[in-house]
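To keep things clear, I will list the structure first and then write my remarks on it.
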Amino acid sequence: MKNVEALIDNPGDTIDQLVAGHRVAYGLARPFYHDPEIYRRDMERVFRRHWHCVAHESIIPNANDFEVFHIDTEQVIITRAADGAIHAILNVCRHRGAEVCTKQKGNARVFVCPYHAWTYGNDGSLRAARLMPKDFRREDHGLKTLHVRVVEGLIFISFAEVSLDFGEVEHLLHATCGQYGWANAKVAHRETYPVAANWKLAVENYVECYHCGPAHPEYSQTHALEQPLHMIEAMNDALEARTCALGIEVGSGNHWQTSREGREAIHAFRYALYEGVESGSEDGKAVAPLMGRFTDFDGGVTSIHLGGTTFLVCYPDHGMIYRFIPKTAETCEMELIWLVDGKAEEGKDFDLDRLTWLWKVTTAEDKAIIEHTARGVRSHYFVPGPIAPMEHNELRYIEWYLDEISHP
Ligand code: FES
Ligand code: FE
């Protein structure tokens, strides 16, 4: 394996050599977590190929509402046009590249570029360009738009020229989030955690629960994931009858499937809460009114892994959207979004501190251990160790990731 300096000299070959030199059933080597060339390849071959959930549509409820999302080097304006349709447009003027929208969120029928005042509709179309020659074609100079899908209230975007097929994702989201009434949910709270670590360290931490016992004493009091596999399987078996009764279908197998087949990957699975636990909260009790088709608590959680950055957690009384947002080779953000029933009122039907307590505590712990790891793997003496059986999803993630960056 070449050193990092050599990697920078000859990035293409050496990334491929690093991939070829990966030791099966072990973690990723040091350069994957901080080398800028690998980060650029991550963005090109993983991030800009896949679908990402950016928000729940309840954050832009009215015609002409918008909000700007910052991801890697990109700024994406998510708008709701006058006809209610949601658009994702890049905040880059088609004249000389200025940011067209300078507010973080608001309500606007048009965006007027602050530089020379080209004026765009909130669907991205160019409406006016001052003093341009007669043969200038406005229709050729709209803002770049991204693919958008809205499923069960969740807004997804894809930067890809030809986006991955979304059919299986839509089907499974209807079968899971649909039962929890997410289309009629609203955002109760959002929290962004800046993390001084490569985005993969954050995702890898999310997908394994080997660390839950030592790192998450609060979470481990209510959720059964940290138990040995055979105990989790026994609890899941006990849940099965109830799960089917609710009509929640879950796919089987591995979420980390290659995108070579042209499809976005999704995997939903159920896991158990401990006896008597109703929800993911400090004391295991409900924290908000039941959602969707639920008339009682079922002792379980539905967890969904989607694409490379979107993770969803459904409790009967609230939902969580977990977004991983790459920023630079050595920084990222995690955004947590708490959903409750659309009719639930803060202060009357739910207490925000109780609702958000568990995942705030858990995510602060995760941020700390991810940053401990980021500092550790900077060492020239870091050698990846073997992946434990409880980290089977981490193992699948690594294999998936290496496959994704290996083909254009
Ligand atoms: Fe936007 Fe000139 S850069 S109008
Ligand atoms: Fe964790």
Inset, instruction - For the range 64-71, state whether one or more residues are more than 24 Å from the chain's Cα centre (by Cα) and not aliphatic (A, V, I, L, M). - result: yes
Inset, instruction - Considering only the range 69-101, state which residues are within 20 Å of R149 (Cα to Cα) and within 16 Å of ligand 1 (Cβ to nearest atom). - result: Q75, I77, I89, L90, N91
Inset, instruction - Just need a number here: residues in the range 123-141 that are exposed (fewer than 13 other Cβ atoms within 10 Å of the Cβ) and not aromatic (F, W, Y). - result: 8
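Within the range 329-342, track down each residue that is in contact with a Phe, Trp or Tyr (Cβ under 7 Å, 6 or more places away or on another chain) and not acidic (D, E).
Taking the range 329-342 as the starting set, the residues that turn out to be in contact with a Phe, Trp or Tyr (Cβ under 7 Å, 6 or more places away or on another chain) are 329, 332-334, 336, 339-340.
Listed by number, the residues that qualify are A329, C332, M334, L336, L339, V340.
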Inset, instruction - Quick one: in the range 95-118, of everything that is surrounded by 12 or more Cβ atoms within 10 Å (Cβ to Cβ) and among the charged types (D, E, K, R), which residue is nearest to ligand 2 (Cβ to nearest atom)? - result: K105
Legend entry - Selection from the range 334-355 of residues that are surrounded by fewer than 23 Cβ atoms within 10 Å (Cβ to Cβ) and within 16 Å of ligand 2 (Cβ to nearest atom): E335, L336
Inset, instruction - Go through the residues of the range 187-202 one by one and say whether even a single one is more than 17 Å from the chain's Cα centre (by Cα), within 20 Å of L358 (Cβ to Cβ) and modelled with pLDDT of 90 or more. - result: yes
Legend entry - Hits in the range 356-400 (condition: assigned to a loop (DSSP other than H, G, I, E, B) and either hydroxyl-bearing (S, T, Y) or within 12 Å of ligand 2 (Cβ to nearest atom) (or both)): S379, Y381
Inset, instruction - Evaluate the following for H171: is it out of contact with any helix residue (DSSP H, G or I) (no Cβ under 8 Å at 6 or more places or on another chain) and not assigned by TED's automatic domain parsing to the domain that holds H87? - result: yes
Inset, instruction - All but one of (1) over 25 Å from I370 (Cβ atoms); (2) within 16 Å of ligand 2 (Cβ to nearest atom) hold for G124, so report the exception by its number. - result: (2)
Legend entry - Condition met for I370 (of a type in the set (A, V, I, L, M), modelled with pLDDT of 95 or more and either surrounded by fewer than 21 Cβ atoms within 10 Å (Cβ to Cβ) or under 27 Å from H174 (Cα atoms) (or both)): no
Inset, instruction - With respect to H189, determine if the residue is part of a helix (DSSP H, G or I) and not assigned by TED's automatic domain parsing to the domain that holds D123. - result: no
Inset, instruction - Could you please tell me which pairs satisfy a Cβ distance under 7 Å, a separation of 6+ or placement on different chains, a first residue in the range 102-114 that is farther than 17 Å from G124 by Cβ and within 11 Å of ligand 1 (Cβ to nearest atom), and a second residue that is at pLDDT 95 or above and of a type outside the set (S, T, Y)? - result: P114/A98
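Could you list all residues from the range 385-394 that are touching a helix residue (DSSP H, G or I) at 6+ places or on another chain (Cβ under 9 Å) and of a type outside the set (V, I, T)?
A388, P389, M390, E391, H392, N393, E394
The values are calculated or read from the model by the stated rules, or taken from the named source; none is laboratory data. Values in this document were obtained by computation on a predicted structure and should not be read as measured data. Glycine gets a Cβ as well: all are built from the backbone with ideal geometry, and neighbour counts include every protein chain shown.
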